[in-house]
Amino acid sequence: MTELNLKPKDFKTDQEVRWCPGCGDYAILAAVQGFMPELGVARENIVFISGIGCSSRFPYYMNTYGMHSIHGRAPAIATGLSTSRPDLSVWVVTGDGDALSIGGNHLIHALRRNVNLKILLFNNRIYGLTKGQYSPTSEIGKITKSTPMGSLDNPFNPVSVALGAEATFVGRTLDSDRKHLTSVLRAAADHNGTALVEIYQNCNIFNDGAFDLLKEADTRDDWTIRMEHGQPLRFGTDGSKAVVREPNGALAIADDVAADDPRVVVHDAHAEDPSFAFALSRLSSLDSRYSPMGVFRSVEHPTYDAMMTAQLDQAAAKAPGDDAALGALLAGADPWTID
Amino acid sequence: MSKNVQQLHRVVIRIAGDSGDGMQLTGDRFTQETALFGNDLATFPNFPAEIRAPQGTLAGVSSFQLHFADYDILTPGDRPDVLVAMNPAALKANVGDLPKGGTLIVDTHDFTDRALTRVGWASNPIEDGSLEGFTVHALDMTQLTLDALAGSELSRKDAGRSKNMFALGLLSWMYSRPTEGTLAFVRQKFANKPDIAEANVTAFKAGWNFGETTEAFAVSYEIKPAVQAPGTYRNISGNLALAYGLIAASRRSGLPLFLGAYPITPASDILHELSKHKRFGVRTFQAEDEIAGIGAALGASFGGALAVTTSSGPGIALKGEAIGLAVSLELPLVVCDIQRGGPSTGLPTKTEQSDLLQAMYGRNGEAPVPIVAAQSPGDCFDAALEAARIALTYRTPVFLLSDGYLANGSEPWQLPSVADLPDLTVAFATEPNGADGQFLPYLRDVETLARPWAVPGTPGLEHRLGGIEKADKTGNISYDPDNHDFMVRTRQAKVDGIARSLPPLVVDDPDRDARVLVLGWGSTYGPIGAACRRVRASGASIAQLHLRHVNPFPNDLGEILTRYEKVVIPEMNLGQLATLIRARYLVDAISVTQVRGLPFKAEELAEMLQGVIAHD
């Protein structure tokens, strides 16, 4: 393999980045561009596909192949590209409205099929590009332009949704934590199959501070549960909090947990059954307190792309599809000839 | 006993029974034998949307009509000469189409008081004289089948299910059809159930022998093979021909075929068929919905595949936004609309050509899409190749319009030579086309106005596409007013320019003095052609022109329209082509319409045309 010798700047385009000053998307863009050289994939073999929304402008700023498509459909478009071109590294960039409202159907079906896609879901819990309506991840009672007396609908937890669809890789990270963001991107890129990465992203115009509890120095350690495979799920400023298993089998948060408390749960990202990861995802409150961050689940399953290619190879190995075969196909079983 | 054999030139047979009685299978087999025998033929399957509608009801009647002849024919026939009715509902639903003097073969087994009441008959029509004027053969085919299978191990119910094969055997005797193919087919179809296979064979032979030995059937008929151009033929339905046309387009373009589709009547058979041909590199993706079907196809097109999505009217409505995206991205995509009765769910299993204006205009913004229409079942093959040619050459989505009548109907089809099919080779962009090694994804070909197709994996040509308006040449986001005006007009000019690649239109005007032109598109080709023959046979002149390309219209269409005093446009909608023709050419076309879910009858069209000529 030839040395690609790519630098982050190689992934920048000549297009002016047009997000609002202070938007969390800038940090994510910088992290992705910074991480891309690590992929070891030539720029021409990388494709970014997005839907509609602030986050979906992302492909214009990546010097790879890219498509800014229509609202909610990026996973479907990427599925067609990835299954027909398994040689490519295909990334989807989407937001909470794009992926979970208008495109919810495509998201869950991409996840259940395990198409080889990396889906980056920027969750700012608001509609930004349409100027501030509540989104499917907004907390109940959200006062917005379209909900002057507060929103009524129960929000989706994107990680729970993905795990409900039995996604083979689900991670969560934060726009402002470059190191953690990069580590989760790396794990997602290494995963063979659909990877969903939820990125908590601040919209400083319409939903500023949505994730401050996880960012401010005085609160973040108390509310963030860092997940490392094989490590006990301990957190808190002094490590005294932990995820514990209750006698009925449910997961819960406990304070002042002794160092040798046998109830403390050790994280298992490779558990075949998604129930454990799902239970972890349910620990969070609506305002993001007790947010597990990192990789919830990472299991190896055959990818849809590879299985489809295998079927084609198997059929062609049995009888190649050449012109003679096409002639025979057209003739069918009962042709007749007129002289 | 040697029976009288009478020569006929043509006959139309309709067999009707409960959906689930195997009427379509019976019709298919009779068609296959007829095709092999060398008659020209056309078929018309007609069935309810329900898979197993309640037994014995009018709603559950399924029928199959076959027209075959010793000369070339254009339609499945207006009315049957022979009607086979397997129960009271089938008789009631179809007897109105049987002309006086026609032959009626009725299975009397289910003509019980209860069954008669169920379809609204107070008395038994076989006995009350209401079938006077027909040649009626009333026989208990179910009981005859049961008797023939008396020695078998099958339950009475299972044995009775072979009655369709009894009917097929009887018809095969009546019309001197070869039988080997059907017997082999039955044995293969039920290879895993040898007792069922044998029951069907026995029932078939019993039907044949019944005709041969019973005095009730005094005459059998012979229809000599039709004179056909030298070549090799097969019988083919429209959906099969369309699927084969797509595979052929893939071979001839050298691009892998990708189908993204969601099941919908009457288009699903294309998905089924293509899914069988993975050896040709065909990828079929059964998507979660119509939008994902076209979305995945568009993604595959971006990656360099020959991309196709198939659907019918309701699905096309859902795909509208993605078709607009394809217009904006300028990527090749074939959108097959196998039309059915609308609006909304409409008539899923019935035919209509009412999606023309949806194909033409059913998107936001100025979003021109070329439209190619198939005119007969076999023609779906050529139409698919033509749609692929336009999509690949001009980097555009293309509508391929078929309909339920073409999709399920069949006709003999002369096999093309694979090597003689059009060359659809595509040149992907491989080198930068701008100054300083820059790649300009919207720098157009001067002749076709097509933009370069640069597929991922090509170094140096990395670029971003999107549905937001793009700057000319660079494809970067642009909100510039003049640029938008330019891009809208350029996309339209590209589609309009396709007309320059079309061959001259051929008007069928054998007398060369016609003053009335019948203009059509799509599946009305057969009925219009048959109607024109009737008109000409009566001594009058009439010209026929049928459009393969509905958008853009061929460049010589306008001039042709001016040559005739009257232009008549028959359509299975409320005048959609007529609207387009009037708007474009200011021709006062006479719109003749029908939306009954059924094809036009040649006789009715001919009568209408005679009227137009008479008032000339």
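Would you be able to say whether some residue in the stretch A:144-161 is surrounded by fewer than 17 Cβ atoms within 10 Å (Cβ to Cβ) and under 20 Å from A:A279 (Cβ atoms)? Break it down into steps so the answer makes sense when it comes.
Applying the first criterion (surrounded by fewer than 17 Cβ atoms within 10 Å (Cβ to Cβ)) to the stretch A:144-161 yields A:145-150, A:152-154.
Now narrow it down to the ones that are under 20 Å from A:A279 (Cβ atoms): A:154.
Yes, the conditions are met somewhere in the stretch A:144-161.
Are there any strands (runs of 3 or more DSSP E) wholly within the stretch B:205-281 with 2 or more residues that are more than 12 Å from chain A (Cβ to nearest Cβ) and either more than 18 Å from A:A315 (Cα to Cα) or among the β-branched types (V, I, T) (or both), and if so which?
B:219-223
Table: residues versus (1) aliphatic (A, V, I, L, M); (2) touching a helix residue (DSSP H, G or I) at 6+ places or on another chain (Cβ under 7 Å).
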| position | (1), (2) |
| --- | --- |
| B:V507 | yes, yes |
| B:G522 | no, no |
| B:I528 | yes, yes |
| B:R534 | no, yes |
| B:A540 | yes, yes |
| B:A543 | yes, no |
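Would you please list the contacts, defined by Cβ atoms under 6 Å and residues six or more apart or on different chains, that run from a residue in the stretch B:452-464 that is free of Cβ contacts under 8 Å to residues at least 60 places away in the same chain to a residue that is crowded, with 19+ Cβ neighbours inside 10 Å and among the aromatic types (F, W, Y)?
B:L461/B:F439; B:E462/A:Y65; B:H463/B:F439; B:R464/A:Y60
If you check B:S478, B:S538, B:S523, which single one turns out to be closer than 20 Å to B:D379 by Cα and polar (S, T, N, Q)?
Just a single option satisfies the conditions, and that option is B:S523.
Being touching a Leu at 6+ places or on another chain (Cβ under 8 Å), in contact (Cβ under 8 Å) with a residue 12 or more places away in the chain, surrounded by 21 or more Cβ atoms within 10 Å (Cβ to Cβ) and among the aromatic types (F, W, Y): is that true of B:F134 here?
Answer is no for this residue.
Please determine, by comparing only the residues of the stretch B:369-417 that are within 14 Å of chain A (Cβ to nearest Cβ) and of a type in the set (D, E, K, R), which one is farthest from B:T351 (Cα to Cα).
B:D382
A:Y60 passes all but one of (1) hydroxyl-bearing (S, T, Y); (2) in contact with a helix residue (DSSP H, G or I) (Cβ under 7 Å, 6 or more places away or on another chain); (3) in contact (Cβ under 8 Å) with a residue 24 or more places away in the chain; which number fails?
With (1) hydroxyl-bearing (S, T, Y); (2) in contact with a helix residue (DSSP H, G or I) (Cβ under 7 Å, 6 or more places away or on another chain); (3) in contact (Cβ under 8 Å) with a residue 24 or more places away in the chain applied to A:Y60, the lone miss is (2).
May I ask you to list the residues in the stretch B:474-516 that are within 14 Å of another protein chain (Cβ to nearest Cβ) and within 18 Å of B:R444 (Cα to Cα)?
B:T474, B:G475, B:N476, B:I477, B:S478
Any residue in the stretch B:169-196 that is farther than 23 Å from B:E222 by Cβ sitting within a Cβ distance under 6 Å of a residue that is crowded, with 22+ Cβ neighbours inside 10 Å? List the pairs, counting only those 6 or more apart or interchain.
That search, which allows pairs on different chains as well, returns B:V186/B:N200.
From (1) buried (at least 22 other Cβ atoms within 10 Å of the Cβ); (2) more than 7 Å from chain B (Cβ to nearest Cβ), pick out the condition that doesn't hold for A:K12.
Failed condition: (1).
Taking interchain pairs and intrachain pairs at least six residues apart, which have beta carbon atoms under 8 angstrom, with the first residue in the stretch B:575-590 and without any contact (Cβ under 8 Å) to a residue 24 or more places away in the chain and the second in a helix (DSSP H, G or I)?
Close Cβ pairs satisfying both conditions: B:D588/B:R582.
Could you grab me the full set of residues in the stretch A:33-51 that are at the interface with chain B (Cβ under 8 Å from one of its Cβ atoms) and either among the basic types (K, R) or in a loop (DSSP other than H, G, I, E, B) (or both)?
Passing the criteria: A:A42, A:R43.
Among all residue pairs at least 6 apart or on different chains, which show Cβ distances below 9 Å where the first residue, located in the stretch B:254-275, is closer than 16 Å to B:E288 by Cβ and the second is modelled with pLDDT under 95 and assigned to a helix (DSSP H, G or I)?
Filtered contacts from the stretch B:254-275: no entries.
Can you find, within the stretch B:466-484, the residue that is surrounded by the fewest Cβ atoms within 10 Å (Cβ to Cβ) among those that are in a strand (DSSP E or B) and more than 36 Å from the chain's Cα centre (by Cα)? Give the derivation first.
Filtering the stretch B:466-484 down to residues in a strand (DSSP E or B) leaves B:466, B:470, B:473, B:477.
Next, from what is left, pick out any that are more than 36 Å from the chain's Cα centre (by Cα): B:470, B:473, B:477.
Values: B:K470: 23, B:K473: 15, B:I477: 17.
Taking the candidates together, the pick is B:K473.
Yes/no matrix, rows are residues, columns are (1) among the polar types (S, T, N, Q); (2) outside any loop (DSSP other than H, G, I, E, B); (3) surrounded by 14 or more Cβ atoms within 10 Å (Cβ to Cβ); (4) within 14 Å of chain B (Cβ to nearest Cβ):
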| residue | (1), (2), (3), (4) |
| --- | --- |
| A:V243 | no, yes, yes, no |
| A:V257 | no, no, yes, no |
| A:A306 | no, yes, yes, yes |
| A:T309 | yes, yes, yes, yes |
| A:D313 | no, yes, no, yes |
| A:A317 | no, yes, no, yes |
| A:G321 | no, no, yes, yes |
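Rundown of residues vs (1) buried (at least 20 other Cβ atoms within 10 Å of the Cβ); (2) more than 21 Å from B:P348 (Cα to Cα); (3) within 14 Å of chain A (Cβ to nearest Cβ), yes/no style:
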residue	(1), (2), (3)
B:H9	no, yes, no
B:R14	yes, yes, no
B:G17	yes, no, no
B:D21	yes, no, no
B:T26	yes, yes, no
B:T31	yes, yes, yes
B:L41	yes, yes, yes
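Restricted to the stretch A:81-106, and to residues that are within 9 Å of another protein chain (Cβ to nearest Cβ) and not in a helix (DSSP H, G or I), which residue is farthest from A:H191 (Cα to Cα)?
A:R85
Taking interchain pairs and intrachain pairs at least six residues apart, which have beta carbon atoms under 7 angstrom, with the first residue in the stretch B:283-294 and at the interface with another protein chain (Cβ under 7 Å from one of its Cβ atoms) and the second basic (K, R)?
Once the first residue is at the interface with another protein chain (Cβ under 7 Å from one of its Cβ atoms) and sits in the stretch B:283-294, its partners that are basic (K, R) give B:I291/A:R73; B:I291/B:K319.
So which of A:Y60, A:Y26 is out of contact with any Leu (no Cβ under 6 Å at 6 or more places or on another chain), surrounded by fewer than 24 Cβ atoms within 10 Å (Cβ to Cβ), part of a helix (DSSP H, G or I) and within 7 Å of another protein chain (Cβ to nearest Cβ)?
Step by step, each of A:Y60, A:Y26 is checked, and only A:Y60 is out of contact with any Leu (no Cβ under 6 Å at 6 or more places or on another chain), surrounded by fewer than 24 Cβ atoms within 10 Å (Cβ to Cβ), part of a helix (DSSP H, G or I) and within 7 Å of another protein chain (Cβ to nearest Cβ).
May I ask you to verify whether A:P292 is surrounded by 12 or more Cβ atoms within 10 Å (Cβ to Cβ), away from chain B (no Cβ under 14 Å) and over 30 Å from A:L88 (Cβ atoms)?
Yes.
Against the condition within 14 Å of chain B (Cβ to nearest Cβ), in a helix (DSSP H, G or I) and modelled with pLDDT of 95 or more, how does A:I70 come out, does it pass?
Details: within 14 Å of chain B (Cβ to nearest Cβ): yes; in a helix (DSSP H, G or I): no; modelled with pLDDT of 95 or more: yes.
No.
Just give me the residues in the stretch B:418-462 being crowded, with 16+ Cβ neighbours inside 10 Å, in contact with a helix residue (DSSP H, G or I) (Cβ under 9 Å, 6 or more places away or on another chain), within 13 Å of another protein chain (Cβ to nearest Cβ) and more than 30 Å from A:D334 (Cα to Cα), in sequence order.
Correct list: B:W453, B:V455, B:P456, B:G457, B:T458, B:L461, B:E462.
Would it be correct to say that B:W173 is out of contact with any Asp or Glu (no Cβ under 7 Å at 6 or more places or on another chain), part of a helix (DSSP H, G or I) and more than 14 Å from chain A (Cβ to nearest Cβ)?
It is false that B:W173 is out of contact with any Asp or Glu (no Cβ under 7 Å at 6 or more places or on another chain), part of a helix (DSSP H, G or I) and more than 14 Å from chain A (Cβ to nearest Cβ).
Looking at (1) under 25 Å from B:P377 (Cβ atoms); (2) among the acidic types (D, E); (3) in contact with a Lys or Arg (Cβ under 6 Å, 6 or more places away or on another chain), find the lone condition where B:E571 falls short.
Failing condition for B:E571: (3).
Taking the options B:A35, B:A90, B:A69, name whichever one is under 24 Å from B:M165 (Cβ atoms), hydrophobic (A, V, I, L, M, F, W, C) and at pLDDT 95 or above.
Just one listed residue meets the conditions, B:A90.
The values are calculated or read from the model by the stated rules, or taken from the named source; none is laboratory data. The model shown is predicted, which means the values in this text are computed figures rather than measured ones. In this analysis, Cβ positions are derived from the backbone assuming ideal geometry, glycine residues included, and neighbour counts consider all displayed protein chains.
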